[in-house]
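Notes for the one structure printed next.
None of the figures in this text is laboratory data; all of them are computed from the coordinates on show. As the structure is a prediction and not an experimental result, all values here were calculated from the model. Please note: Cβ atoms are built from the backbone with ideal geometry, for glycine as well, and neighbour counts cover all protein chains shown.
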Amino acid sequence: MNIFVLGAGAVGGYYGGRLVEAGANVTFLVRDRRLAQLARDGLVIESPACGDARLKVDAVTAADPTKAFDLVLLTSKAYDLDAAIEAVRPAIGPGTAILPLLNGYAHVDRLVAEFGAQRVIGGLAKIQATLSPEGVVKHLNDWRYITFGELDGHASERVAQLKALFDRTSVVATVSSDIRHDLWIKLVHLSTVAGMTCLMRGSVGEIARTPDGTRLLNAFFDLNIEIATRAGCVPKQGFIDEFRALFGNRDAAYSASMARDIERGGPIEAEHILGFMLERCRAFGLDDTLHAVAYTHCMTYQARRAAGRLP
């Protein structure tokens with residue numbers, strides 16, 4: 001299986017790098033600055049939990065000619081989806097599968113409309129990682145999970161091959177028979193944590209240490225559970241219990257990547273995560289107060305950033 005990874009940042013660099021480490025045939029599509037870093041230093045992963053790596057990798061830029069690959073791994077931010085589609089289009093042939101690891105849900109339908117349902121595999125990643133200015137992929141905890149599956153739930157040879165590749169790595173890979181449901185459940189988790197950690201400018205534990213923090217986290221969580229339920233995806237009790245415990249943990253250092261993006265003054269996925277859930281909240285006739293406040297807060301940040309008025 002020849003794999004084409006869009007980007008060698010926190011997500012693409014980690015999962016693609018672990019595949020390279022296991023001997024898989026991987027090519028990264030990167031920008032000129034990242035290409036120079038990779039040529040000079042290799043792909044560097046720092047992971048106290050799963051082991052460090054410095055890997056020689058194959059990388060190209062959009063200016064280089066390319067061939068059709070067996071699998072395209074999309075690891076862009078959701079706000080870059082249109083540009084990502086154009087970037088990988090030359091690598092997509094008649095038999096190419098596309099596996100997006102983007103946050104949110106709407107990108108799946110966008111990719112299906114663009115390339116056809118037979119080409120798209122649903123996927124999600126559970127990882128905390130960031131890319132340092134020096135080009136080091138820093139793995140921040142022991143999360144290194146990836147879940148993927150055919151959109152119609154059938155067992156396919158390409159999914160089995162990819163699972164076998166990941167099984168040769170430290171990544172914990174799971175094949176899902178209902179990936180659309182899994183994407184919705186991740187969105188419940190992500191929209192709750194992103195909305196609250198961005199709004200409060202603190203980690204889950206820092207929010208929990210305030211008088212009303214845990215109550216607000218759970219109130220937002222309850223609304224997102226209800227949205228998913230009305231959309232036909234009922235979260236399991238174990239998932240609910242896990243996050244109830246997290247939201248009461250006053251020592252939890254967990255925050256969403258969107259909150260870290262705000263802290264560094266970067267672009268954020270407010271429209272694709274919080275805007276999507278606000279729209280669904282209103283469509284189902286639920287109280288939209290918390291969703292509207294979180295979304296408006298993040299969109300105001302984006303307006304200030306676009307105007308060059310960040311501190």
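With +1 on each Lys and Arg Cβ and -1 on each Asp and Glu Cβ, and nothing else charged, work out how big the dipole of the chain is about its Cα centre, in Debye to the nearest 20.
The dipole magnitude comes to about 500 debye.
Dipole magnitude of region 157-311 about its Cα centre, charges +1 at Lys/Arg Cβ and -1 at Asp/Glu Cβ only, in debye to the nearest 20?
The dipole magnitude comes to about 340 debye.
Wrap a convex hull around the Cα atoms of region 2-177, take a quarter of its surface area, and give that in square nanometres.
9.1
Taking only Cα atoms, what is the 0 to 90° angle, nearest 10, from helix 213-230's long axis to the longest principal axis of the chain?
70
For K236, give me every one of the lysines with a C-alpha distance below 21 angstrom, ignoring sequence neighbours fewer than eight places off in its own chain.
Output for K236: K126, K186.
Please report the antiparallel percentage of DSSP beta bridges with both residues in the chain, rounded to the nearest 5. Walk me through the intermediate numbers first.
Values: 13 of 37 bridges.
Counting only bridges with both partners in the chain, antiparallel ones make up about 35 percent.
Looking only at L286, L199, L35, which one moves most when the chain is put into a Gaussian network model with springs between Cα atoms under 10 Å?
The residue that fluctuates most here is L286.
Assuming a ≥ b ≥ c are the square roots of the Cα gyration tensor eigenvalues, decide whether region 182-306 counts as rounded (a/c under 1.5), prolate (otherwise, with a/b larger than b/c) or oblate.
oblate
Using r as the Cβ-Cβ distance of D241 and T210, and R0 as 35 Å, what FRET efficiency do you calculate, to the nearest 0.05? Please report the intermediate quantities before stating the final value.
Numbers: r = 23 Å, r/R0 = 0.64.
Plugging the Cβ-Cβ distance into 1/(1 + (r/R0)^6) gives 0.95.
Once the dipole of region 182-306 is set up with Lys and Arg at +1 and Asp and Glu at -1 on Cβ about the Cα centre, which of T300, N249, A270 lies farthest towards its positive end?
T300
Only helical DSSP H runs with n ≥ 4 go in: add -39500 (n - 2.57) per run for the chain, normalise by residue count and round the 222 nm mean residue ellipticity to 500 deg cm²/dmol.
-13500 deg cm²/dmol
Helix 10-21 sits at what angle to the longest principal axis of the chain, using alpha carbons and giving 0 to 90 degrees rounded to 10?
40
Anyone know which of A155, A24, A97 comes out most mobile in the 10 Å Cα GNM of the chain?
A155
Can you give me the angle between helix 179-200 and the longest principal axis of the chain, using Cα atoms only, in degrees from 0 to 90, rounded to the nearest 10?
Result, in degrees: 60.
Nearest 0.05, what FRET efficiency do A155 and A292 give at R0 = 45 Å with Cβ-Cβ as r?
Computed FRET efficiency for A155 and A292 comes out at 0.60.
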